[in-house]
1. Across the residues of B:91-104, average count of Cβ atoms on other protein chains within 10 Å?
2. With a cap of 16 neighbouring Cβ atoms within 10 Å, and only residues DSSP puts in a loop, list the chymotrypsin sites (Phe, Trp or Tyr not before Pro) found in the stretch A:110-214.
3. Scan chain B and hand back the longest stretch that contains none of the trypsin sites (Lys or Arg not before Pro) lying in DSSP loops with at most 12 other Cβ atoms within 10 Å.
4. Please report the orientation-averaged projected area of chain A, defined via the convex hull of its C-alpha atoms, in nm².
5. If you scale each eigenvalue of the Cα gyration tensor by 5 and take the root, what three semi-axes come out for chain B, rounded to whole angstrom and sorted largest first?
6. Per-residue ellipticity at 222 nm for chain B, helices alone: DSSP H runs ≥ 4 residues times -39500 (n - 2.57), over residue total, nearest 500 deg cm²/dmol?
7. So what J values fall out for the stretch B:121-127 if you push phi through Karplus, 6.51 cos²θ - 1.76 cosθ + 1.60 with θ = phi - 60°, rounded to Hz, Gly and Pro as x?
8. Go through the stretch A:204-311 and name the trypsin sites (Lys or Arg not before Pro) that are in a DSSP coil and have 14 or fewer other Cβ atoms within 10 Å of their Cβ.
Amino acid sequence: MFDLIIKNITQRKLRTGLTVFGIALGIFAVIVMGGMSEHFNITFDRSMSLTADKIRVMPEGGFVGVSLNDSKVREVKRVPGVSDAYGLLQSPLDPESLGVFGGDVVIGIPPEKQELAMKDTKLTDGRFLVTGDGYKAVLGSSVAREFNLKVGDELEVKSKRVQRTASITHTRNFTIVGILEYTGSFFDNAVQVPLDRAQKFYDRGDTVSIILAVPDLNADPEDLTKRIELNVEKVKALSPSELRKQIEQSLIVFSLITISAAVLAAIIGGLSVMNTMLMSVSERTKEFGLMKALGAETKDILFMTMGEAALMGILGGIVGIIGGGALVYYMNDYLASRGTTLFSITPRLIVIAIVFATLLGVISGMYPAYRAAKMSPMEALRYE
Amino acid sequence: MNDEEPILRVRNLTKTYMQGKIPVHALNDVSFDVDKGEFLSIVGPSGSGKSTLLSMVGLLDKPTSGCAMIDGTKITEAKDSEAPVIRREKIGFVFQHFNLIPTLTALENVDIAMRFARVPKGKRKERAVELLAQMGLRERMNHKPSELSGGEQQRVAIARAMANYPAIILADEPTGEVDTKTRDMIVSLLKELAEKGQTILIVTHDTAVSAQTKRVITMRDGKIASDTKV
């Protein structure tokens, strides 16, 4: 029966081609939007795996306009259950262009804590920061590729300081001492420099943007989070699980928006399948009547018509995946030269896309197939 | 007299349509038997009920009352799910307009009837080739209907009707679309099949066709007016 299905859809090449193209466009959208959503999920997961063991301590009221000073780091360290704590100072690498998709950042970190903070992440070249390092930097893999830098090269970092009514841009060269391997996390877009040099360069005194507290092995992170808030004034602490929950919620909203747009596009493709199949069933009324007179059962007609619709769905899915994959490949290639990536096509996404395309075909083919299967053979044979 | 059970037994078959509020008796208490290997025709003017009778016997429509039995199976009491099985195992159809599937070749048009009967692929092809050869179409089996003459198309349709070794072939005006030469060829082909034991029932209004059959049932106003064996 499969050869008949192939024969039927290849008999009307232009119509089949247009229908497949309709589905392909929908699946193209699923791949591109889904790829974006997958990328954010993966980046989040990998970033979390690098920092999931630490409690984040932030200024009460959020990041904007307020910061923590070094004394807070000492206070956090004194909280029972905290084995270690250190502050990070974060600033965009290029203050002129705050990238829409995050962009590169400079992270000031106590040199002796860097290796600990990066857990099992290895270097592709050079070394981590060490105590006593001056204007030295360890680059994430994306930053190194974006600026084509290697160990020993200099990276120009800018800072913008407001003096009276004017803002003045300062620049400083940092010497690259190490390049991190690809992690798939936000650290790929980070330039890690000694905290004291970052504070000086950005004119931030002894302040930090965030404090990371490492719990004792036997301490419960949730309890410890509350204990930090009780013991240290004017701070807000976020446990790893709470942080995961918060980020996951925003990622769900993002995923919903992107996937809904893609699904809408795919449903429009599905309607084109239904339209094509309804036309095809109407044109072949006599043929179906004849098949019934020859002894075809309802299930034969259903299989044939739904098979055609499903096959068009699968073909559209394949074309959409190839098209979407090609676009994502070239976009990622282009964005990589600018230090970022935006899409990840995962096996899961491909399976979802192909199953979705097939289901779309099958569901869109159901009504036309039902009409074909329910035809009275006598009426159908009389049909002109 | 034939001692065997008739291949087709029709008893008190009645079909009444409603034309608005007025009942129209398309078939009115029709009864007859057809023996195995009989070659008979049903004739009559338009509206006499001959095509309606063929639809009832071919399970394409249901009678208002009465019953029909083919090869021992009471077809008028068959459920919807049983109808396709009876159609493909007991009945072969030949239509006036040939009704071949335009996208398939002659071979595939014969093959398709056996597909629905779940005949294995190898056997289907063997049988289709054999039938088309029997119809003198060995050289034309890979041609599509549009590439065949009317006579050739009707021969493909006859081969298709024969494919599943039906108990009876029901031919509805099989020569209605062809010239006289082709008509004679088709009728002699059907006659030849009947001589080999195939039961064939032709509905026609062409007296030249009915004259070739061994029995002629004449219908008028939904009833059998005469039943003559030659």
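1. If you average over the peptide's residues, the count of other-chain Cβ atoms is 4.
2. Values: sites: A:PHE128, A:TYR135, A:PHE147, A:PHE174, A:TYR182, A:PHE186, A:PHE187, A:PHE201, A:TYR202; in loops: A:PHE128, A:TYR135, A:TYR182, A:TYR202.
Here the chymotrypsin sites (Phe, Trp or Tyr not before Pro) that fit, given the DSSP loop and packing criteria, are A:TYR182.
3. By the stated rule (loop sites, at most 12 other Cβ atoms within 10 Å), B:119-195.
4. Mean projected area for chain A: 25.5 nm², to one decimal.
5. Those come to 29, 20, 17 Å.
6. -9500 deg cm²/dmol
7. Once θ is set to phi - 60°, the couplings for the stretch B:121-127 become 3, x, 5, 4, 5, 4, 5 Hz.
8. Working: sites: A:ARG204, A:LYS226, A:ARG227, A:LYS234, A:LYS236, A:ARG244, A:LYS245, A:ARG284, A:LYS286, A:LYS292, A:LYS299; in loops: A:ARG204, A:LYS234, A:ARG284.
Those that pass, being in a loop and sparsely packed, are A:LYS234.
Values quoted throughout were computed directly from the atomic coordinates according to the rules given, and no laboratory measurement underlies them. Since this is a predicted model, take the numbers as computed values, not measurements. Because the Cβ atoms are built from the backbone with ideal geometry, glycine has one as well, and the counts that use them run over all protein chains shown.
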